[in-house]
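Quick note: the coordinates plus some simple rules give every number you see, no bench work behind them. Everything quoted here is computed from the prediction, not taken from an experiment. Here the Cβ positions follow ideal geometry from the backbone for every residue, glycine too, while neighbour counts run over all protein chains shown.
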Amino acid sequence: MQITHSIPELRAALAQRGKPAFVPTMGNLHDGHLSLMRLAGQHGDVTVASIFVNRLQFLPHEDFDSYPRTWDADCAKLEWAGCDVLFAPREKDLYPEPQVFKILPDPLLADMLEGEFRPGFFTGVCTVVMKLFSSVFATTGGGAAVFGMKDYQQLMVIRRMVQQFAMPIEIIAGSTTRAADGLALSSRNGYLSATEREQAMGLSQALKALAEAARRGDTPLAALEAQAMQDLRAKGWAPDYLTVRNRSDLLAPADAYVAADTPLVALGAARLGNTRLIDNLEF
Ligand code: PAF
């Protein structure tokens with residue numbers, strides 16, 4: 001694996017190597033990232049990963065400073081997963097001066113759910129992804145990029161950005177990797193205490209129960225969502241949202257009761273102790 005830090009170094013490493021398949025990350029890698037890496041291997045001539053903890057997508061009270069930086073372990077995992085080129089820019093490589101040009105995502109998609117509870121998050125994500133995409137793809141005439149479905153709304157926002165800017169990049173969705181008890185793998189799971197880790201599957205269980213109840217179709221969705229939030233609170237969680245949305249636009253289904261064949265997704269975000277987890281389930 002070739003390690004690059006600056007954009008010119010990266011572009012030199014990618015010259016004449018064909019179409020890149022790119023997995024952007026913030027490091028602290030787990031099996032979920034590695035499965036995205038392996039998926040990338042099926043969609044390009046050269047696999048590229050990035051590690052960059054992007055200050056722009058953290059709110060002032062969030063965990064930018066304490067976000068785990070696990071460089072040696074990450075490099076070993078990427079080698080093992082078959083990554084060809086790693087792009088690990090320093091902050092001054094991506095933001096040599098304050099990043100005053102920003103990507104403002106479609107508010108209809110980005111101001112709800114995660115965007116409501118983390119204002120500015122998707123602007124930060126889109127801005128860095130645009131910059132990472134231009135670093136990786138500008139000299140290669142496009143390629144593919146892989147994003148995990150665990151960050152469901154992020155995946156949709158990025159797809160829309162790529163479509164609106166007519167970028168020659170195919171966005172591939174990688175399915176969520178889960179622990180045996182159903183907990184979605186996440187870099188932030190490492191913040192959980194041993195006791196919290198034992199309770200952490202509660203979020204995926206709550207989404208499964210919500211999806212099953214919604215599919216039965218005998219109770220209005222709003223009542224099911226309120227009940228799901230209450231049940232999770234009773235187990236010691238502080239939920240931000242647990243909700244059923246259309247897969248197409250993430251809006252609430254028009255019908256208060258769900259039709260059997262509507263493609264839906266249950267999405268949730270909740271805090272257990274100091275750790276905020278998100279998850280989703282298509283149904
Ligand atoms: O999903 C993430 O890890 C980040 O939001 C991303 C896409 C790498 C941008 O910083």
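Helices in the chain, meaning DSSP H runs of at least 4 residues, each add -39500 (n - 2.57). Divided by all residues, the mean residue ellipticity at 222 nm is -10500 deg cm²/dmol.
Taking amide hydrogens as placed 1.01 Å from N in the peptide plane, the amide H of residue 241 sits under 5 Å from those of 269, each at least 5 positions away in sequence or on another chain.
Taking square-rooted eigenvalues a ≥ b ≥ c of the alpha carbon gyration tensor, is the range 86-126 rounded, prolate or oblate, where a/c under 1.5 means rounded and, failing that, a/b exceeding b/c means prolate? Here the range 86-126 falls in the prolate category. For the range 34-121, the Kirkwood hydrodynamic radius from C-alpha pairs, put into Stokes-Einstein at 37 °C and a viscosity of 0.692 mPa s, yields a diffusion coefficient of 211 µm² per second. Averaging 1/r over each pair of different alpha-carbon atoms in the chain and inverting the result gives 19.7 Å, the Kirkwood hydrodynamic radius. Of all the options 269, 110, 138, the one that moves most in a Gaussian network model of the chain with Cα springs shorter than 10 angstrom is 138. For the range 238-245, the Karplus equation 6.51 cos²θ - 1.76 cosθ + 1.60, evaluated at θ = phi - 60°, returns couplings of 10, x, 7, 7, 9, 8, 10, 9 Hz by residue, with Gly and Pro reported as x. When the inverse distances between all different Cα atoms of the range 182-283 are averaged and flipped, the Kirkwood radius reads 13.8 angstrom. Please list, by residue number, everything in the range 172-200 whose backbone N is under 19 Å from a paramagnetic label point 7 Å out along Cα→Cβ of residue 70. The answer is 176-200, whose backbone nitrogens lie closer than 19 Å to the label point.
In a fully extended conformation the segment linking residue 9 and residue 45 would gain 11.1 nm over its present Cα-Cα distance, using 0.36 nm per residue. For residue 95, the shell of other residues with beta-carbons less than 15 Å away shows a net charge of +2, using +1 for Lys and Arg and -1 for Asp and Glu.
Backbone geometry of the range 133-143 corresponds, through the Karplus equation with coefficients 6.51, -1.76 and 1.60 at θ = phi - 60°, to 3J(HN,Hα) couplings of 4, 5, 5, 7, 9, 4, 9, 10, x, x, x Hz, x marking Gly and Pro.
Rounded to the nearest 0.05, what FRET efficiency is calculated for residue 159 and residue 38 with R0 set to 22 Å and r the Cβ-Cβ distance?
Working: r = 21 Å, r/R0 = 0.96.
Given R0 = 22 Å and the Cβ-Cβ separation, E is 0.55.
Each of 255, 218 has some number of other Cβ atoms within 10 Å of its Cβ, and from fewest to most they run 218, 255.
Extending 7 Å from Cα along the Cβ direction at residue 16 and again at residue 55 yields two label points whose distance is 3.8 nm. For residue 264, nonlocal amide neighbours, meaning residues 5 or more places apart or on other chains whose placed amide H falls under 5 Å from its own, are 247, 283.
Any of 19/77; 19/131; 150/208; 208/235 with alpha carbons more than 21 Å apart? Name them for me. Could the numbers behind the result be given before it?
Details: 19/77 23 Å; 19/131 18 Å; 150/208 14 Å; 208/235 16 Å.
Over 21 Å apart, Cα to Cα: 19/77.
How big, on average over all directions, is the shadow cast by the Cα convex hull of the range 74-213, in nm²? It would help to have the intermediate numbers written out before the result.
On the way: hull surface 44.9 nm².
Orientation-averaged projected area of the Cα hull: 11.2 nm².
Close amide H contacts of residue 148 (hydrogens built in the peptide plane, cut-off under 5 Å, sequence separation of 5 or more or a different chain): 174.
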